[in-house]
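Shown next, in structure tokens, is the structure this report addresses.
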Amino acid sequence: MLQAPASFAISGGITAEENDKLRSEYPMPSGDMLGDNCSACHGTKGAEFNEAMPPLAGMDKAKFIKLMKDYRANKFPSIVMHDVAHVFSDQEIEAMADFFAKQKPEEWTRPDWNASIKANTKENSHE
Amino acid sequence: MNKITRRDLIKLFGAGALSTGLMGASSLAFAKQSAHIVIVGGGVGGAASAKYMRLLNPDVRITIVEPEPKYIFCPGSNEVVAGFDTLETLTVDYNTLKSRYAVNVIQDRATEIDYANKKLKLAKGDVLSYDKLIVSPGPDFKYGAVEGYSKQLAEGDFPAAWHAGPQTLTLRDQINALPQGGTVLISSPVDPYRCPPAPYERASFVANKLKETNPTAKVIILDSKDDFIFHDVYLDYWKKEHGLGTADARIEWVPKKAGGHVTKLDTKNRTLTTADGQVHKGDVINIIPPEMAGSFVRMNGLAKGDWAPFNSQDFSTKRDKDVYIIGDSAAADPMPKTGYIASNQAKVVTKAIQAELTGKEIGTPFITNNCVAMAADDWGMTVAETFRYAGNHHAYEESYVMSDPTENPYYRHIRAEVAKNWQRTFRKDIFS
């Protein structure tokens with residue numbers, strides 16, 4: 001069913017069937033649990049703007065679902081997202097879509113992070 | 001500079017808590033207040049715990065105990081060794097956690113858990129009461145695994161450079177000073193250790209630099225393993241860029257089965273001896289020692305063998321349900337020891353604690369590790385791993401897809417861009 005591009009040939013771990021079986025045995029992880037896993041790349045609550053990884057906060061639910069299902073089905077070449085998306089069920093993708101749709105599409109911090117830290121240091125100096 | 005004043009504590013915890021003496025307060029004094037979440041270690045796992053706990057609950061009191069005033073990210077430190085980034089870029093402090101997330105940061109070393117009374121003792125004599133204790137101190141090194149090696153040598157002329165910091169700069173300077181045609185020896189440890197692809201990324205970066213400045217020099221990786229993550233990608237890169245397998249190879253990889261496992265260091269002759277008796281001479285010797293759980297974890301009875309076991313649903317320890325273990329010290333196999341994993345373990349723990357505080361069911365955990373590595377500035381690779389809950393007394397089940405060698409330079413280039421982006425975004429996610 002799933003077809004990885006030729007350049008992503010190395011995969012492993014449990015099979016799709018074993019993945020389905022585990023999903024059926026335990027309650028689904030919450031949308032927050034699933035969505036917070038994305039923050040290392042897409043920023044806290046999906047609200048990071050950078051050149052290689054688009055923000056997810058505030059994304060239209062239907063758009064998120066379509067994108068994730070297209071990634072999962074490997075409908076177009078992608079660098080990482082097929083690899084990430086291929087293990088999620090429809091219900092999990094919908095829960096993530098709900099989670100990101102309700103987040104504010106605001107940049108989480110000021111664009112120059114180092115300047116922001118320095119400014120904070122001055123503002124909050126204790127001594 | 002980062003000393004917490006009495007005024008700060010009153011601001012954070014209220015005068016009531018201080019009237020009994022905050023540091024030696026009875027748990028009764030705290031019970032009247034909101035729950036106190038204490039975190040041992042201010043690295044990625046600890047800082048992520050503090051921030052994500054605050055995002056879930058504005059009222060709990062959160063304290064991090066961390067000996068260092070600043071934290072230096074390890075992701076990106078190979079770039080510092082190779083000289084195209086600086087430690088300053090990787091260095092953060094705790095001011096944002098303090099000011100934006102109202103986290104109390106105590107600069108001290110946690111020493112002992114009093115499980116019966118739910119107290120944490122600190123090196124300078126203070127005692128903290130906790131309702132929940134999250135332990136994330138990072139790993140310690142087993143220097144003794146290589147005869148003749150020691151912490152003192154690592155801090156001197158034989159840097160391990162496996163915690164970003166002064167040793168990173170020593171190694172960088174040694175490589176800069178390498179005599180023409182000299183040899184760099186890198187000893188790669190047995191699994192598990194922090195950031196599995198990093199020894200090979202380091203070797204690649206160093207070889208790339210030597211290609212420019214010292215083209216007859218060599219890098220030899222003496223490996224205690226026969227395989228490693230991204231093996232095919234790195235070998236492909238080394239063949240294409242550094243003549244791997246030829247007489248003039250700039251880089252060599254000696255797996256365990258070919259005698260790569262280092263057992264002995266001779267500082268006087270600057271040699272490494274391997275398990276089958278081969279002797280390698282190096283102008284620069286970089287031994288990455290094997291690892292074990294941090295001493296705090298081992299000394300407080302949380303480890304079984306080298307690592308600390310936990311209940312899979314919420315990372316509470318097998319020793320005590322109100323004490324949690326995350327990050328590199330946790331026996332989390334098949335999860336690799338990465339910052340990405342530590343940060344997502346923190347999110348599982350904080351969600352579980354929040355569920356308990358609000359009388360809700362602890363949900364099903366879920367963990368991903370979408371990690372990146374580079375061979376060169378325009379040669380990146382990625383691995384996407386997911387870890388599914390498989391019952392409280394079982395390990396998580398892994399599923400992964402990772403980069404294969406590709407002839408497509410655009411894929412390699414974009415993966416490297418993804419790697420660089422990830423480093424920046426990840427640092428922001430944890431510390432701002």
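The values are calculated or read from the model by the stated rules, or taken from the named source; none is laboratory data. Source: prediction; values computed, not measured. Note: ideal-geometry Cβ built from the backbone for every residue, glycine included; neighbour counts use all protein chains shown. Keep in mind that these areas ignore ligands, DNA and RNA; they rest on the heavy atoms of the full protein, side chains included. Shrake-Rupley method; radii C 1.70, N 1.55, O 1.52, S 1.80 Å.
Only one entry of B:GLY359, B:GLY305, B:GLY327 meets the criterion of being in contact with a Gly (Cβ under 9 Å, 6 or more places away or on another chain) and either under 21 Å from B:TYR400 (Cβ atoms) or more than 10 Å from chain A (Cβ to nearest Cβ) (or both), and that entry is B:GLY327.
For every residue, the table says whether it meets (1) closer than 12 Å to A:PHE99 by Cα; (2) open to solvent by 60 Å² or more (accessible area, probe 1.4 Å); (3) in contact with a Gly (Cβ under 9 Å, 6 or more places away or on another chain); (4) not polar (S, T, N, Q).
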residue: A:LYS45; (1), (2), (3), (4): yes, no, yes, yes
residue: A:MET59; (1), (2), (3), (4): yes, no, yes, yes
residue: A:LYS63; (1), (2), (3), (4): no, yes, no, yes
residue: A:MET68; (1), (2), (3), (4): no, no, no, yes
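Table: residues versus (1) within 19 Å of the chain's Cα centre (by Cα); (2) among the charged types (D, E, K, R); (3) open to solvent by 40 Å² or more (accessible area, probe 1.4 Å); (4) over 24 Å from B:VAL184 (Cβ atoms).
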| residue | (1), (2), (3), (4) |
| --- | --- |
| B:VAL80 | yes, no, no, no |
| B:GLY83 | no, no, yes, no |
| B:THR86 | yes, no, yes, no |
| B:VAL92 | yes, no, no, yes |
| B:ASN95 | no, no, no, yes |
| B:ARG100 | no, yes, yes, yes |
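Within the stretch A:31-42, can one find any residue that is assigned to a loop (DSSP other than H, G, I, E, B) and either at pLDDT 95 or above or within 19 Å of the chain's Cα centre (by Cα) (or both)? Yes, because at least one residue in the stretch A:31-42 is assigned to a loop (DSSP other than H, G, I, E, B) and either at pLDDT 95 or above or within 19 Å of the chain's Cα centre (by Cα) (or both). Scanning the stretch B:315-361 for residues that are in contact with a Lys or Arg (Cβ under 6 Å, 6 or more places away or on another chain) and aliphatic (A, V, I, L, M) turns up just one, B:ILE353. Of all the listed residues (A:ALA47, A:ALA57, A:ALA52), the sole one being touching a Cys at 6+ places or on another chain (Cβ under 9 Å), of a type in the set (A, V, I, L, M) and farther than 19 Å from B:THR386 by Cβ is A:ALA52. Against the numbered list (1) of a type in the set (Gly, Ala, Ser); (2) within 20 Å of B:ALA331 (Cβ to Cβ); (3) crowded, with 24+ Cβ neighbours inside 10 Å, B:ALA395 comes up short only at (3). For residues that are among the acidic types (Asp, Glu) and either under 16 Å from B:ALA203 (Cα atoms) or under 27 Å from the mean Cα position of the chain (by Cα) (or both), scanning just the stretch B:276-291, find the one that is surrounded by the most Cβ atoms within 10 Å (Cβ to Cβ). Filtering first and then ranking leaves B:GLU291. Take the conditions open to solvent by 10 Å² or more (accessible area, probe 1.4 Å) and either at the interface with chain A (Cβ under 10 Å from one of its Cβ atoms) or free of Cβ contacts under 8 Å to residues at least 24 places away in the same chain (or both) and apply them to B:TYR340. Does it pass? Judged against the criteria, B:TYR340 is not a match.
Set side by side, the residues B:THR386, B:THR364, B:THR358 differ, and just one is within 20 Å of the chain's Cα centre (by Cα) and either farther than 19 Å from B:ASP191 by Cβ or without any contact (Cβ under 8 Å) to a residue 60 or more places away in the chain (or both), which is B:THR386. Could you check, for the stretch B:244-259, whether at least one of its residues is more than 30 Å from B:SER150 (Cβ to Cβ), assigned to a helix (DSSP H, G or I) and in contact with a Gly (Cβ under 7 Å, 6 or more places away or on another chain)? No, every residue in the stretch B:244-259 fails to be more than 30 Å from B:SER150 (Cβ to Cβ), assigned to a helix (DSSP H, G or I) and in contact with a Gly (Cβ under 7 Å, 6 or more places away or on another chain). Considering the conditions (1) more than 24 Å from the chain's Cα centre (by Cα); (2) in a loop (DSSP other than H, G, I, E, B); (3) within 30 Å of B:ASN311 (Cα to Cα), B:LEU178 is excluded by exactly one of them, (3). Quick check on the stretch A:19-30. Is at least one of its residues charged (D, E, K, R), open to solvent by less than 50 Å² (accessible area, probe 1.4 Å) and touching a residue at least 60 places away in the same chain (Cβ under 8 Å)? So far as the stretch A:19-30 goes, no, none of its residues is charged (D, E, K, R), open to solvent by less than 50 Å² (accessible area, probe 1.4 Å) and touching a residue at least 60 places away in the same chain (Cβ under 8 Å). When restricted to residues that are buried (at least 22 other Cβ atoms within 10 Å of the Cβ) and more than 7 Å from chain A (Cβ to nearest Cβ), the stretch B:375-392 contains 7. Restricting the search to the stretch B:119-155, which residues are open to solvent by 40 Å² or more (accessible area, probe 1.4 Å), closer than 30 Å to B:ILE62 by Cβ and assigned to a loop (DSSP other than H, G, I, E, B)? Within the stretch B:119-155, B:ALA123, B:LYS124, B:GLY125, B:ASP126, B:ASP131, B:PRO137 qualify. Among the numbered conditions (1) more than 21 Å from B:TYR400 (Cα to Cα); (2) assigned to a helix (DSSP H, G or I); (3) within 10 Å of chain B (Cβ to nearest Cβ), the only one that A:PHE49 does not meet is (2).
Residues that are within 12 Å of chain A (Cβ to nearest Cβ) and in contact with a helix residue (DSSP H, G or I) (Cβ under 7 Å, 6 or more places away or on another chain) number at least 1 in the following strands (runs of 3 or more DSSP E) confined to the stretch B:71-115: B:91-93, B:103-106. Among the residues of the stretch B:293-302, some residue qualifies, meaning at least one is small (Gly, Ala, Ser), touching a residue at least 40 places away in the same chain (Cβ under 8 Å), in a helix (DSSP H, G or I) and at negative phi. Residues that are more than 19 Å from B:ALA342 (Cβ to Cβ) and open to solvent by less than 40 Å² (accessible area, probe 1.4 Å) are absent from the stretch B:67-76.
Which residues, counting only those in the stretch B:182-207, are open to solvent by less than 10 Å² (accessible area, probe 1.4 Å), assigned to a loop (DSSP other than H, G, I, E, B) and closer than 17 Å to B:VAL262 by Cβ? Listed by number, the residues that qualify are B:PRO189, B:TYR193.
Of all the residues in the stretch B:398-423, those that are outside any helix (DSSP H, G or I) and either within 7 Å of another protein chain (Cβ to nearest Cβ) or surrounded by 18 or more Cβ atoms within 10 Å (Cβ to Cβ) (or both) number 10.
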